[in-house]
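All remarks here apply to the structure that follows.
Values quoted throughout were computed directly from the atomic coordinates according to the rules given, and no laboratory measurement underlies them. All values derive from a computational prediction rather than experimental measurement. Backbone-built Cβ (ideal geometry, glycine too); neighbour counts: all protein chains shown.
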Amino acid sequence: MMNSRSAPSSRPKRSKRKSTLNVAVEIIWTFIRKSAFAITLYSMGYYQVSVYWLAAPILFSVIVSFLMEPDDERIKSRKAMALAGDQELILSQYNKLPPWVSFPDIERAEWINTIIQQLWPTVNNYIRIYLLETLQPELEQQLRQYMLNGFQFETVKLGSIPPKITGIKVYQKTSEDEIIMDVHLLYGGNCELSFYLSGTTAGIRDFQMESELRFIMKPLIPTAPLIGGMQIFFIETPVFDFQMIGITKILQMPGINSYLRETIESVIESMAVIPNMFTMEFSDDNEISTYLRVPDPSGVLRIHLIEAENLEAKDYIGTSDPYVIVEVGAQRFRSKTISRSLNPTFDSWCEFAIIEPYGQKLRFRVWDEDYGRPDDFLGNALVDLSFIMEKQYLDMWLTLEDAEHGSLHVELFWYHLSNRIQDLPAIVKENGNKFPSDVRLSTAVLTVFVHSASNLTSPGEQPDACVKLQMGPTTKTTHVCKLSTDPVWREGFCFLVSNPNEETLKLTIIDSKSKQELGELNFQVKKFQDKKISNSKSSRSN
């Protein structure tokens, strides 16, 4: 990370000496290979053989390479890491070492891995029994409604390789009423799950995953079990790989494969990547339940994408059409695309409410937009959120990694939160004087907890109700409570408010089956300003 502009770094190339014999053999082999190709083409022309005889085997080999099981080195590598001991890992490649080797505040967890390894056969049996005896009848009944008959699991095995915890970190500088623990998880399994449906076989095998899982235990209470509950989430989207079985192998073809991966990532992000999380409650206290489920932002991160410089040319005409994806956990922003430029000026703004700054990273991904084919990658850059929070303002040139050259110019603003309503006019004035008038920037944070509804009326059968919350251009939706006139959601949401004196929060209850509105409420934000948390650069109050 740099605070000033710097030239993109050039990568050193590795040199390898070759003996005279090796060079001679290489030259002879190249001559034979090219001569054979030339003779083949000459013979086809001399004997008037159709070119389709040459194209057919090439096309066949390409299709087979897409549909057959790929020799994926990443999958093999994760399997080896999951089976290896600590000493073997240390002697392997440095960039694949467990995190406790490089970071002294991350501890080993071999005793936990030993327990997991001994429990793994039992877990394998439990999962197989659950899928065959409980889940299979339910899926068979539901799929029959869509004219899909004969569903049954064929192979259900988690394999012999259990998940491996490669490091554990417990944070010391936290609030007095919470415990934060990060678990670095590696699953390089040889699992296989296949099923039979309507005369075809499908499934996956060799599912692989690397992730960092966070556990927040709070609040600490003076009665058993001493912890009110737990929040569980991924700090970033897990890295995963898998192979398809049966008819689903066609999903491994280019284009389809990338779309499938994006779909899986979006599902995982919507469920368990911060700010989305799983919540476990150990107490019956309603206040503790609300405390666990309502988002509690640590601050607001404002980002100004200014420009990029010396990007790689990916188009045929020697230019690129760059755009930038900004990510914090599951929150994402896409900049506008600048056509035909290697030194684009974006001048784009975005904001994120940050729940957990420690351990999280702000990620920039630069892409070249293409039509009709996947976009080309132009590099990425990372910045620690804790570093931004400490500095509060940064003007940085970031060298793009995983690219030959290129850099990105950004401004980063961190705003702590205050519960003093007196701070609101100052931030409103600052936004008006310091930032462009045509850019929608926030001045406050509004948290909303949707608990339940009662006595809903719907024509026909009981509704599948959900709540749509809308604040300005931002829309969020609760999960669906099926077949209930008294649904209970208990979900928390966080909104960035541009103008508290004019904004209105709109809540609409919708039957997800009929798309009919069952009720509507409108709240003017200014009526709740006595409880509002506004953005300011003062310290956060308790």
Cut-off is 10 Å between beta-carbons; in what order do Met244, Met271 appear when sorted fewest neighbours first?
Met271, Met244
Where nothing but the Cβ of Lys and Arg (+1) and of Asp and Glu (-1) is charged, how large is the charge dipole of region 201-276 around its Cα centre, in debye to the nearest 20?
220
Gyration tensor on Cα atoms of region 280-340, a ≥ b ≥ c root eigenvalues, a/c under 1.5 rounded, else prolate if a/b beats b/c, else oblate, says prolate
Whether region 323-480 is rounded, prolate or oblate, judged on the alpha carbon gyration tensor where a/c under 1.5 counts as rounded
oblate
With r defined as the distance between the Cβ atoms of Arg332 and Ser437 and R0 fixed at 30 Å, what FRET efficiency is calculated, to the nearest 0.05?
0.70
From the cross-link list Lys173/Lys391; Lys218/Lys361; Lys468/Lys513; Lys476/Lys527; Lys468/Lys515, the entries with a Cα-Cα span beyond 20 Å are Lys218/Lys361; Lys476/Lys527
Roughly speaking, what is the stretch gain from Glu281 to Asp241, that is 0.36 nm per residue apart minus the C-alpha to C-alpha distance, in nm to one decimal?
11.2 nm
Cα shape, region 125-281, gyration tensor, a/c 1.5 rule:
prolate
Defining a contact as two alpha carbons under 8 Å apart and six or more residues distant in sequence, what relative contact order in percent does region 299-418 show?
33
Once R0 is set to 25 Å, what does the formula 1/(1 + (r/R0)^6) return for the Cβ-Cβ distance between Leu521 and Val488, expressed as a FRET efficiency to the nearest 0.05?
0.90
Test of understanding: ordering Arg261, Arg490 by Cβ neighbours within 10 Å, fewest first, what list do you get?
Arg261, Arg490
Using the count of nearby Cβ atoms within 10 Å as a rough guide to exposure, how do Phe346, Phe153 rank from fewest to most?
Phe153, Phe346
